[in-house]
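Below is one structure; the comments refer to it alone.
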Amino acid sequence: MSDTEINFWGDTSEEDYYNLKGIIGSKSFFTSPRGLKLFTRSWLPSSPSPPRGLIFMVHGYGNDVSWTFQSTPIFLAQMGFACFALDIEGHGRSDGVRAYVPSVDLVVDDLVSFFDSIKQNPKYQGLPRFLFGESMGGAICLLIHFADPSGFDGAVLVAPMCKISDEVRPEWPIDQFLITISRFVPTWAIVPTEDLLEKSIKVEEKKPIARRNPMRYSEKPRLGTVMELLRVTDYLGKKLKDVSIPFIVLHGTADAVTDPEVSRELYVNAKSEDKELKIYGGMMHSMLFGEPDENIEKVRKDIVSWLNDRCGGGDDQVQAQV
């Protein structure tokens, strides 16, 4: 392994780790319709038979698809699903100013284009297609659903940012001041918030692992990004009743980053005929990495069970490999 290649799982090379997990991983770059060079990854089952379904994944704010985020698609690939994701603009190895998202709508366009390019592959024709989003990625998945209502068969929403928790949202009159100056210096990293990592990860031993991510953005949020996320979450809050895609939404009661009550509102108000809500007592924001392993296993089992039920059944036995 080269000196510059590090992974959250330790010193094992990426290729060897994938082999140990019995999956096939690949990485590439995708040029979006607006000309951005976006870093992509796929995690595929090693079985010669077709995958059970396609899962199109969207990461959260300040995150990327190459560090702890990988643990979930690796697991899902072991369960027979083909997973695909990219680093959105300003994140990971993709083009853009670090952690600056000037337009979530353009990010949605990028993702729809990338996902469409995968759907066109003849070997994936006829397979169930699911969206999967964590935190900000959950909100983006709902926007993708609105942009392409018939493009996906379901959505897995993990602690979705349909509203920013009041605990991390800038308070008035600070936010009014920020709105004014964001028009002039949108990339200014000045928004006063607490460290989201501390608020997201419960297991202390896992916090240093998350911090070692070479792509992690740990500075204060940029003005333009915060204003855009506030705009999008305010918009989504008014559009919950228009959600029609089958979905499962999963949230922890101790989440201090995104609001579990809004996930309840999504479940109650969405017009989807097929919808499921899982609320986990005491779990924090990072349910698929930052919790004790037994909690991660519980969430994973619920996700795979939901996916299996919408892929014509299959083996319900889920062996969590944390």
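Taken together, the values in this text are just the output of simple stated rules run on the coordinates, not laboratory data. Nothing here was measured: the structure is a model prediction, and the numbers come from that model. Note that each Cβ is placed from the backbone with ideal geometry, even for glycine, and that neighbours are counted across all protein chains shown.
Annotations for the structure displayed:
- Considering only 69, 117, 246, the residue lying farthest towards the positive end of the dipole of the chain is 117, judged by Cα position with unit charges set on Cβ.
- Filtered chymotrypsin sites (Phe, Trp or Tyr not before Pro), the range 222-322: DSSP coil and at most 14 other beta carbons within 10 Å: none
- Cα-centre dipole for the chain with unit charges at Cβ (Lys and Arg positive, Asp and Glu negative), debye to 20: 540 debye
- Viscosity 1.567 mPa s, 4 °C: Kirkwood-radius Stokes-Einstein D of the chain over Cα pairs, µm²/s: 65 µm²/s
- The range 103-160-the range 6-56 distance, computed between alpha-carbon centres (Å): 17 Å
- For the range 53-173, projected area of the alpha-carbon convex hull averaged over all directions, nm²: 8.3 nm²
- Antiparallel DSSP beta bridges within the range 14-309, as percent of all bridges there, nearest 5: 40 percent
- DSSP-loop GluC sites (Glu not before Pro) across the range 229-274, with at most 10 other Cβ within 10 angstrom: 273
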